[in-house]
Amino acid sequence: PSDARDATNIIERVGPRLQHANSAVVLSAVKVILRYMAVVDSESDQAFQLRKQLAPPLVSLLNSELEEITYVALRNINLIVQAEPRVLESDVKVFFCKYNAPLYVKLEKLEIMIRLVSEKNVDQVLLEFKEYAQEVDVDFVRRSVRAIGRCAIKLERAAQRCINVLLELIQTKINYVVQEAIIVTKDIFRRYPQ
């Protein structure tokens, strides 16, 4: 598009494709809208409305019965959140893991939650990570403990709360949880020596 008006016209024409039954069509429409949103002023009311409009179709992609489609949607959502985190900033709960989900889906959801964590939702996310750290799968537990540390490094104001959660996990005396929690705590102290 040559200007914001052209971009807006194209976005309006692509908008109905966000409701399509085919997930590939939805993802392509999201991609076009995100690309053309760069032409529209990113702080305008219109950009705010567009970000608000993109969240429901992306969230609905996660409701697929096939875990493989869910995984592909999560990978794409991860890329979208890297480019435009404000699209899903209020939908972090959608990415909470189900106990029976495959490991590859859980790990992708962890990554997205780390990207979406903010001052508003950090307590909620930390509670979820703490719960994951008490599951059976050792690899997922280790990644969950590391996720707590990444939250602390990302949000300085939440670092103390993250340390408190890690200390609680150390109290469990589960060998691999204690090991990972100590390593993560060391990394947090390196980042914030005070």
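Is it the case, given these coordinates, that residue 110 is in contact with a Lys or Arg (Cβ under 9 Å, 6 or more places away or on another chain) and modelled with pLDDT of 95 or more?
yes
Could you say whether any residue in region 35-50 is assigned to a loop (DSSP other than H, G, I, E, B), open to solvent by less than 20 Å² (accessible area, probe 1.4 Å) and at pLDDT below 90?
From region 35-50, those assigned to a loop (DSSP other than H, G, I, E, B) are 38-44; that's our starting set.
Pick out the ones that are also open to solvent by less than 20 Å² (accessible area, probe 1.4 Å) and you get 40.
From the residues that got through so far, the ones that are at pLDDT below 90 too are 40.
So far as region 35-50 goes, yes, one or more of its residues are assigned to a loop (DSSP other than H, G, I, E, B), open to solvent by less than 20 Å² (accessible area, probe 1.4 Å) and at pLDDT below 90.
Would you be able to say whether some residue in region 2-14 is within 29 Å of residue 125 (Cα to Cα) and in a helix (DSSP H, G or I)?
no
So which residues in region 61-81 are modelled with pLDDT of 90 or more and either acidic (Asp, Glu) or open to solvent by 30 Å² or more (accessible area, probe 1.4 Å) (or both)?
71, 72, 75, 76, 79
Mind listing whichever residues of region 63-96 are outside any loop (DSSP other than H, G, I, E, B), aliphatic (A, V, I, L, M) and farther than 26 Å from residue 12 by Cβ?
69, 72, 74, 92, 94
Which of the following residues is β-branched (Val, Ile, Thr), touching a helix residue (DSSP H, G or I) at 6+ places or on another chain (Cβ under 9 Å), assigned to a helix (DSSP H, G or I) and without any contact (Cβ under 8 Å) to a residue 12 or more places away in the chain: 59, 25, 30?
25
Quick check on my filter: what residues within region 3-23 are open to solvent by 60 Å² or more (accessible area, probe 1.4 Å) and among the small types (Gly, Ala, Ser)?
Within region 3-23, 21 is the sole residue that qualifies.
The values are calculated or read from the model by the stated rules, or taken from the named source; none is laboratory data. Here the structure is a predicted model, which is why all the values come from computation and not from measurement. Neighbour counts run over all protein chains shown; Cβ positions are idealised from the backbone, glycine included. Ligands, DNA and RNA are excluded from the accessible area calculation, which covers all protein heavy atoms including side chains. Shrake-Rupley method; radii C 1.70, N 1.55, O 1.52, S 1.80 Å.
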